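Visitor: Sharing a structure, written as structure tokens. Questions coming.
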Amino acid sequence: MAAERGAWQTYGERLVYDNRWVRVGLVEVEAPNGARWEHHVVHLGRIAIALIVDGQDRVLMLWRYRFATGQWGYELLGGLVEEGEDAAATAAREAVEESGWRPVGEAEHLISFEPLPGQVTAPVEVFLWRAAERVGEPTDTEEAGRVEWVELGRVGDLAQRNELLGSGTLVALLYYLSSRATGR
């Protein structure tokens, strides 16, 4: 990749902060113009997201508060992929913990992406299910929110009102709707 025009060279990384949720490193880089310096890189854990759509054209989401941005809004279900855990299994587990609904059937990998590739590594994988069964109450009390089946026809309006929280929710829903519209 480095031989490609415009590619940056890297010469190693020095870790400056590390915990379960976030690592911060200084990476020695050389830009295509020859300038060389240490560039901050934030490494976040791999996230798996469950996009569960039912036969009534609704998607399962949480209405919740996010203190870091001071926002209320809808989010898809998902969370951090544990060491050695399959990402689709994580998405299904998180769906049950956060909503009390278990995805039914095989997961379909919908899309993978990096939301902020300039300074952050934060791999996100989205999995689609077309059914779910109610198995109980949510068990993850940290994720407390209102569990709701939201009509897919509301997605554009919710996005415009900034009521869809996070790139995982936005990318997953917009990609799903776009794919459906084009027949993919």
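Visitor: List the trypsin sites (Lys or Arg not before Pro) within the range 68-174 that fall in a DSSP loop (any state other than H, G, I, E or B) and whose Cβ has at most 10 other Cβ atoms within 10 Å.
Guide: Those that pass, being in a loop and sparsely packed, are Arg161.
Visitor: Subtract the Cα-Cα distance of Leu170 and Asn33 from 0.36 nm times their separation in residues, and report this length gain in nm to one decimal.
Guide: 45.8 nm
Visitor: Quick one: if the Förster radius is 30 Å, what FRET efficiency do Thr121 and Asp54 give, using the C-beta to C-beta distance and rounding to 0.05?
Guide: 0.35
Visitor: Also: When the accessible area of the chain is computed with all protein chains present and a 1.4 Å probe, what percentage of it is carbon and sulfur?
Guide: Carbon and sulfur together cover 52 percent of it.
Visitor: For Ile111, which sequence-distant residues (separation of 5 or more, or a different chain) have an amide H within less than 5 Å of its own amide H, given hydrogens modelled in the peptide plane?
Guide: Long-range HN contacts for Ile111: Val126.
Visitor: Once the convex hull of the alpha carbons of the range 145-184 is built, what does its volume come to per residue, in cubic angstrom?
Guide: Dividing the Cα hull volume of the range 145-184 by its residue count gives 83 Å³.
Visitor: Whats the longest run of the chain with zero chymotrypsin sites (Phe, Trp or Tyr not before Pro) that are DSSP loop and have at most 15 other Cβ atoms within 10 Å?
Guide: 68-184
Visitor: Related question: Have a look at Ala122, Ala95, Ala31 and tell me which one the Gaussian network model of the chain (Cα, springs below 10 Å) gives the largest fluctuation.
Guide: Ala31
Visitor: A follow-up question, please. In the chain, what percentage of the DSSP-assigned beta bridges are antiparallel, given to the nearest 5?
Guide: Rounded to the nearest five, the antiparallel share is 80 percent.
Visitor: Report D for the chain in µm² per second (integer): Stokes-Einstein, Kirkwood Rh on Cα pairs, 25 °C, 0.890 mPa s.
Guide: Rounded, D is 136 µm²/s.
Visitor: Follow-up question, since we're still on this one. Determine, at each q value in 0.11, 0.18 (inverse angstroms), the log₁₀ of I(q)/I(0) that the Debye formula gives when each Cα of the range 32-133 is one equal point scatterer.
Guide: For the range 32-133 at q = 0.11, 0.18 Å⁻¹, log10 I(q)/I(0) is -0.41, -0.89.
Visitor: Sticking with this one: With a 1.4 Å probe and every protein chain left in place, work out the accessible area per residue of the chain in Å², rounded to a whole number.
Guide: Value for the chain: 58 Å² per residue.
Visitor: Loop-only check: which GluC sites (Glu not before Pro) in the range 83-114 are DSSP coil with at most 14 other Cβ within 10 angstrom?
Guide: Of the GluC sites (Glu not before Pro), the ones in loops of the range 83-114 whose Cβ has at most 14 other Cβ atoms within 10 Å are Glu83, Glu85, Glu106.
The values are calculated or read from the model by the stated rules, or taken from the named source; none is laboratory data. This is a predicted model, so every value here is computed, not measured. Glycine gets a Cβ as well: all are built from the backbone with ideal geometry, and neighbour counts include every protein chain shown. The area values use the complete protein model at the heavy-atom level, side chains included, leaving out ligands, DNA and RNA. Shrake-Rupley method; radii C 1.70, N 1.55, O 1.52, S 1.80 Å.
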